[in-house]
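A short reminder: the numbers here are calculations on the coordinates, not readings from a lab. A quick note: this is a predicted structure, and the numbers were derived from the prediction, not measured. Cβ: placed from backbone, ideal geometry, glycine included. Neighbour counts: every protein chain shown.
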Amino acid sequence: MAVDTATPKDKRHVSKKCPECYEYVPLEAKRCPSCKVRLGAVNEHGMAERLTNWRAYIICIALWLFLAFYVKWAFF
């Protein structure tokens with residue numbers, strides 16, 4: 001009979017590493033205290049997952065659309 005020696009993902013690490021500044025932070029931290037980057041869950045290597053900044057994508061798309069409408073209005 002085989003015994004499962006794998007530990008749960010949360011129990012393997014006592015801290016996680018920020019992907020931006022490589023500072024160790026507690027597992028339950030949502031932001032890095034030194035660089036203020038939003039952090040996600042820890043992966044199998046002990047690094048924190050970098051969360052997608054959807055607000056920045058929406059602002060970028062809105063600005064590109066504004067530029068396209070301005071160019072159309074100003075030059076055509």
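Hand me the tally of lysine pairs in region 9-75: alpha carbons under 26 angstrom apart, and the pair either on different chains or 8 or more positions apart.
So the count of such lysine pairs works out to 9.
Relative to the Cα centre, what is the charge dipole magnitude of region 9-75, using +1 at the beta carbon of each Lys and Arg, -1 at the beta carbon of each Asp and Glu, and rounding to the nearest 20 debye? Mind showing how you got there, number by number?
Working: 12 positive and 6 negative charges, 21 e Å.
Here region 9-75 has a charge dipole of around 100 debye.
Pop out the ³J(HN,Hα) list for region 14-30 in order, Karplus 6.51 cos²θ - 1.76 cosθ + 1.60 with θ = phi - 60°, rounded to Hz; leave Gly and Pro as x.
9, 8, 10, 9, 5, x, 8, 10, 6, 8, 7, 10, x, 4, 8, 6, 9
Between LEU27 and residues 5 or more places away or on another chain, which pairs have amide H atoms under 5 Å apart, with H built 1.01 Å from N, and which residues are they?
LYS16
Which one is right for this structure if volume of the Cα convex hull per residue in Å³ is calculated from it: [x] 141; [y] 130; [z] 75?
So the calculated entry is the one marked [y].
Report ³J(HN,Hα) in whole Hz for each residue of region 65-73, in order, from the Karplus equation J = 6.51 cos²θ - 1.76 cosθ + 1.60 where θ = phi - 60°; Gly and Pro get x.
5, 4, 4, 5, 5, 5, 5, 5, 5
Check LEU39: other-chain or 5+ apart residues with amide H under 5 Å from its amide H, H built from backbone geometry?
Those qualifying (amide H under 5 Å, at least 5 residues apart or on another chain) are ARG31, CYS32.
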